[in-house]
Amino acid sequence: MMTLSHQSEIEDLPVNWCNADPVTSSVMEAVSFVTPVLEVFFIRTVAEGIRTRQDDELAQRCQEFIHEESNHSVVHKKFNAMLLSHLGKQPPGLAMISALLDSARKHLSLSKRLALAAALEHFAAVISKLYISHDPRLTFESAFAKELFDMHAREELAHRCVVFDLWRAHGAGGRMDRIVTIMAGLLAGAVYVSVAVPWILHRKTGRNLVKTLAGLGGFVAKNLM
């Protein structure tokens, strides 16, 4: 397990700190803001899951997972504090994700919460793999940011099966339950990104709507078409 020191200093952060590009930087910032919210849910769910008796090997993997996720949350919060100095406040959509996860904690069974956590961890692993594949083409103006995202991506891939294995140990649900859980996670993620990224970009462009729309259009044309 790699650990980014909580005491590491963040140098002055340019507004467009990744690839000197406002849209790429906005996407990375949206990911960073939502990370601590998700990780609180992961940590609480896994911690509850291992209170019942599990085999020693799985329990050890879960403890390491909790430690890594806790470290991710701390350093992302530190990075997010620097982002807030530019943006003024957190992006919209974040409160929605937090409220949805709070509702899941209150109303879903442990097995369903583990299924949701496993699905979200799978999405995180997919994003991490995509990030690593694009890493050679990314230029960071912040050594702290590069170290943070590199560390997080590698650790997400390393522990991507932990929550899934814990969920199976508690008795995995049926195929339809898994499909519904995955679709719900995808929908919530899509709504968050579609709200947070344009809002962050709008701030970066000095609240210029034309530049915001042009930036989003250019990014989509370059990366998704």
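For segment 139-150, indicate whether the set of residues that are at pLDDT 90 or above, in contact with a helix residue (DSSP H, G or I) (Cβ under 6 Å, 6 or more places away or on another chain) and not charged (D, E, K, R) is non-empty.
For segment 139-150, residues at pLDDT 90 or above, in contact with a helix residue (DSSP H, G or I) (Cβ under 6 Å, 6 or more places away or on another chain) and not charged (D, E, K, R): present.
Tell me, which residue of segment 81-126 that is free of Cβ contacts under 8 Å to residues at least 24 places away in the same chain and not in a helix (DSSP H, G or I) is most open to solvent (accessible area, probe 1.4 Å)?
K89
Yes or no: segment 50-71 includes at least one residue that is small (G, A, S), within 17 Å of the chain's Cα centre (by Cα) and either within 28 Å of W199 (Cβ to Cβ) or open to solvent by less than 50 Å² (accessible area, probe 1.4 Å) (or both).
Yes, segment 50-71 contains at least one residue that is small (G, A, S), within 17 Å of the chain's Cα centre (by Cα) and either within 28 Å of W199 (Cβ to Cβ) or open to solvent by less than 50 Å² (accessible area, probe 1.4 Å) (or both).
Taking the conditions exactly as written (within 14 Å of S25 (Cβ to Cβ) and either under 20 Å from the mean Cα position of the chain (by Cα) or surrounded by fewer than 16 Cβ atoms within 10 Å (Cβ to Cβ) (or both)), does L216 satisfy them or not?
No; evaluated as a whole, the condition is false for this residue.
Looking only at segment 142-198, filter to residues that are open to solvent by 20 Å² or more (accessible area, probe 1.4 Å) and among the polar types (S, T, N, Q); which one of those is nearest to the chain's Cα centre (by Cα)?
Of everything passing the filter in segment 142-198, S194 is nearest to the chain's Cα centre (by Cα).
Has segment 24-47 got any residue that is closer than 23 Å to H152 by Cα and not in a helix (DSSP H, G or I)?
Within segment 24-47 (the criterion being closer than 23 Å to H152 by Cα and not in a helix (DSSP H, G or I)), the answer is no, since none of the residues qualifies.
Cβ-Cβ distance below 6 Å, separation of 6 or more or different chains: which pairs start in segment 27-53 with a residue that is under 15 Å from H67 (Cα atoms) and end on one that is assigned to a helix (DSSP H, G or I) and acidic (D, E)?
The qualifying pairs are E39/E69; F42/E69; I43/E69.
The values are calculated or read from the model by the stated rules, or taken from the named source; none is laboratory data. Keep in mind that this is a model prediction, so the values were computed, not measured. Using ideal geometry, Cβ is built from the backbone for each residue, glycine included, and neighbour counts are taken over all protein chains shown. Accessible surface is based on the protein model in full, side chains and every heavy atom, while ligands, DNA and RNA are left aside. Shrake-Rupley method; radii C 1.70, N 1.55, O 1.52, S 1.80 Å.
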